[in-house]
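Q: What follows is a single structure, and I will ask about it in a moment.
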Amino acid sequence: METELILGRPSEKQRRFLMDHHKIVGYGGARGGGKSWAIQTKAKLLSFKHPGIRIAIFRRKYPDLEKNHIRILTGELVGAKVAKYQKQEKRLTMVNGSVIEFVFAQRTDELIIKTQGIEWDVIFVDEATQWTEEELKIIYSCCRGANEHPKRIYLTCNPGGVGHQYIKRIFLDKKYLSGEHPEDYSFTQAKLTDNEALMKKDPEYIKNLEALPPKLRKAWLEGEWDVFSGQVFEEFRDVPEHYEDRQWTHVIEPFDIPIGWTICRSYDFGYSKPFSCAWWAVDYDGRLYRILELYGCTQTPNEGVKWTPQEQFKRIHEIETQHPWLKGRKIIGVADPAIWKAESGESVADVAAQHQVYFDKGDNERIAGWMQLHYRLAFDGNGIPMMYIFRNCKAFIRTIPLLVYDEHKVEDIDTTQEDHVADETRYECMSRPIRPQRPEVHEKIMDDPLNQRVHRQHAKFIPHG
């Protein structure tokens, strides 16, 4: 006796996803695009078409995995008597030998343990932006096997989260690193308006999204990847057409530093994670200009080059004695107080001093430091901030816009991210704190028949002669 499963009719965007045979397939970009249905349907199609295939569905947290996939797939397939579910192993086994396993991991070390030595033919990662690039590549490494089954990875995603930058890079910006092949990647942008079934079933859903604050609405309804929920420094702007006039942008064209300006250095130590060193110029108004940076990162984000302190400070000293913006200048340094710890007998700060690189202890107050960075990024009424970034400072430009708030410490940054540039910038900001810029408020004149107050407001000082 044959059993018939009714899959339902896909939207045009879901059909593209189901028919896509690229190695790494992305789908989504906004709320309500039908991502869960697409994953479940593709998993079922592969299971019945390729007897014995091994499939995994990943989600960061078990309650989300159970609610969005396990409950639905087991209810349908076990109920139709075409599969059995082993609850302890979280595994669906089809009558034809195909397997769908459900995997969750809230920490990287947990993920490593759960994936060590495991092979799957096809892997689905639901809400992929909740995983770091490092974690996603750990998952990718499990997509293998000595058989004839297809080997594919499917990622569903919305803007925001710790993996935002990676997903945006491979699917939206299409910027690939060594070892990444453009022909392996494909992305289908799906929005709520593409999901006709949900629009008919829940017409209020789109109204709820339309009523969201502008930033959330752009991310969740319009699928905007440049602004997203949880972004810490949403005020940061990189506008090339204003690099020269320096209005309403933080990134600007480099220029020669005037002799009278103060030069500073900020530093955050790293070894297996990147170290970050930056040089700043301070103008006569106290405005900061990030003019140079040395960032110890491999081509993989948040992976350190593993330079010893000696190697780091040798290079820093070379830059300071050779670069025309720094050569011969007095440089004021500030760094993470942790570099003064001497657990092995010699601190990182001691090594720096041996290379004539000196620091004061930075103020490590995190929340106050982030507020100082917000104050400096704020524009005044003429579009002028208190911090500029030379366009050659690529690490700042790449990492600062991607930082998101900690899920538990809602005013702090999630420290699992690539936050090393942010940390050393925070030390620099705290070394010369400013007050927040306040918009100029003009007093409203209610009754002034002699126009005396208007005259005083607009009076100008005209020098004699």
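Bear in mind that the values in this text are calculations on the coordinates, not laboratory data. In this text, all values refer to a predicted model and were calculated from it rather than measured experimentally. Don't worry about glycine lacking a Cβ; one is built from the backbone with ideal geometry, like all the others, and counts go over all protein chains shown.
Q: Along the Cα-to-C-beta direction of residue 241, a point sits 7 Å from the Cα; which residues of region 372-386 have their amide N less than 12 Å from that point?
A: Flagged as within label range: none.
Q: If we sort 369-376, 136-143, 112-119 on the protection proxy, mean other Cβ atoms within 10 Å, highest first, what's the order?
A: 369-376, 136-143, 112-119
Q: Tally Lys/Arg at +1 and Asp/Glu at -1 over every other residue whose Cβ is under 14 Å from the Cβ of residue 259; what's the total? Please report the intermediate quantities before stating the final value.
A: Details: positive: 327, 329, 330; negative: 256, 283.
Local charge sum for residue 259: +1.
Q: How do 144-152, 385-393, 297-305 rank on mean C-beta neighbours within 10 Å, highest first?
A: Result, highest mean first: 385-393, 297-305, 144-152.
Q: For residue 384 and residue 95, what does the FRET efficiency come to when R0 = 56 Å and r is the distance between their Cβ atoms, rounded to the nearest 0.05?
A: Using R0 = 56 Å, I get an efficiency of 0.25.
Q: If the limit is 23 Å between Cα atoms, which of 23/84; 114/175; 13/90; 61/175; 61/306; 13/44 go over it?
A: 23/84; 114/175; 13/90; 61/175; 61/306
Q: Packing-wise, with mean Cβ within 10 Å as the measure, how do 158-166, 58-66 rank, highest first?
A: The packing order, highest mean first, is 158-166, 58-66.
Q: Over the Cα atoms of region 251-369, what is the Rg over Rh ratio if Rh follows Kirkwood? It would help to have the intermediate numbers written out before the result.
A: Working: Rg = 14.7 Å, Rh = 15.2 Å.
Checking Rg against Rh, the ratio lands at 0.97.
Q: Could you tell me the calculated FRET efficiency between residue 110 and residue 354, based on Cβ-Cβ distance and R0 = 51 angstrom, to the nearest 0.05?
A: Using R0 = 51 Å, I get an efficiency of 0.80.
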